[in-house]
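**Student:** The structure under discussion is supplied below as structure tokens; questions concerning it will follow.
The values are calculated or read from the model by the stated rules, or taken from the named source; none is laboratory data. Note that the structure is a prediction, hence the values are computed from the model and not measured. Neighbour counts are summed over all protein chains in view; Cβ atoms, including those assigned to glycine, are modelled from backbone coordinates with ideal geometry.
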């Protein structure tokens, strides 16, 4: 792919990121992570407390892409799989069954409080997330492009919830948090919403074709052989830790490689650096690991962030970072 095309893809990415940030303030890194998942065809799990702009972020992404649609699924224990995928209803006038699509047939799907849905309803999302299609009554239907599932769950509520099974967690491209804004951003948010919400004034910044162009640009981002091998070694190291019952699967290697390419493109580079891999290790891999009960107790005592950094350090200890600098002499533009 020509350099000009990469430069153009980065310019499109900046327009999208800047547009989203007009309503979600002070969260550039987190927004970039979600957009990285979008252009890779991945999905995002936002594990955060209420009121941290998770819904606003999902709506802002959909409104920033011209020609896209968003939907919201509010998960409750009585939510049925057909409430997600849709169902066939008998049309008395036509004397035949017709399919009525569910909310999963949208470009950006917000699945709110996913761990409040029953396991069978959670499983209804597996095919959609893994293969971008749903099968109802023996008929398979494709989902629109781009397709992004943003699921949320509250980490401090356990009563009335159904923890996501490992197979479902493995389908999420990244897991991250938004967190509360700092004092300046919170003051700005309060001032902006005195009259109306900024979402009501948000205009599209890119179109669906632009998102497809960004996805193509990601495929041509260069990954040095040493970095590609390091990614695999890091993932394999997660399977050898004494605090881990089950390490990351090959899906983790694929996701970390794709995420690093996307992260590089969004930062105006045509190549991946080891620092990109380090930055993405926790959001891409940690939710794919099944920890032993003794370490789960340690996480509760130390806190998730400290435990996550510890896991990353242990893996880097087993799979040392490549000891060289990559310089391909290509122009870059920082996000």
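**Student:** Does at least one position in region 31-45 carry a residue that is outside any helix (DSSP H, G or I), buried (at least 18 other Cβ atoms within 10 Å of the Cβ) and without any contact (Cβ under 8 Å) to a residue 60 or more places away in the chain?
**Tutor:** no
**Student:** Related question: Checking residue 276 against (1) touching a helix residue (DSSP H, G or I) at 6+ places or on another chain (Cβ under 6 Å); (2) closer than 24 Å to residue 28 by Cβ; (3) in contact (Cβ under 8 Å) with a residue 24 or more places away in the chain, only one condition comes out false. Which one?
**Tutor:** (3)
**Student:** Further, regarding this structure: Among the listed residues 183, 149, 174, 104, identify the single one that is outside the structural domain of residue 305 (by TED's automatic domain parsing), out of contact with any strand residue (DSSP E or B) (no Cβ under 8 Å at 6 or more places or on another chain) and at pLDDT 90 or above.
**Tutor:** 183
**Student:** Residue under question is residue 111, and the condition is that it be in a strand (DSSP E or B) and crowded, with 22+ Cβ neighbours inside 10 Å; does it hold? Walk me through how you get there before you give the answer.
**Tutor:** Values: in a strand (DSSP E or B): yes; crowded, with 22+ Cβ neighbours inside 10 Å: yes.
The answer is yes for residue 111.
**Student:** What's the total number of residues in region 264-320 that are part of a helix (DSSP H, G or I) and farther than 14 Å from residue 248 by Cβ?
**Tutor:** Narrowing region 264-320 to residues part of a helix (DSSP H, G or I): 264-266, 274-288, 293-302, 304-318.
Still in the running and farther than 14 Å from residue 248 by Cβ: 264-266, 274-276, 278-279, 293-302, 304-307, 309-310, 313, 316-317.
Of the residues in region 264-320, 27 are part of a helix (DSSP H, G or I) and farther than 14 Å from residue 248 by Cβ.
**Student:** Can you tell me how many residues within region 46-80 are under 24 Å from residue 122 (Cβ atoms), part of a loop (DSSP other than H, G, I, E, B) and in contact with a helix residue (DSSP H, G or I) (Cβ under 8 Å, 6 or more places away or on another chain)?
**Tutor:** 7
**Student:** Hey, does region 177-185 have a residue that's in contact with a helix residue (DSSP H, G or I) (Cβ under 9 Å, 6 or more places away or on another chain) and on the phi > 0 side of the Ramachandran plot?
**Tutor:** yes
**Student:** Hey, another quick one. Which condition from (1) part of a helix (DSSP H, G or I); (2) buried (at least 19 other Cβ atoms within 10 Å of the Cβ); (3) under 16 Å from the mean Cα position of the chain (by Cα) is the one that residue 9 breaks?
**Tutor:** Checking residue 9 against (1) part of a helix (DSSP H, G or I); (2) buried (at least 19 other Cβ atoms within 10 Å of the Cβ); (3) under 16 Å from the mean Cα position of the chain (by Cα), the one that fails is (3).
Residue-wise test of (1) in a helix (DSSP H, G or I); (2) loosely packed, with under 15 Cβ neighbours inside 10 Å.
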| residue | (1), (2) |
| --- | --- |
| 146 | no, no |
| 152 | no, no |
| 164 | no, no |
| 171 | no, no |
| 178 | no, no |
| 186 | yes, yes |
| 218 | yes, no |
| 234 | yes, no |
| 237 | yes, no |
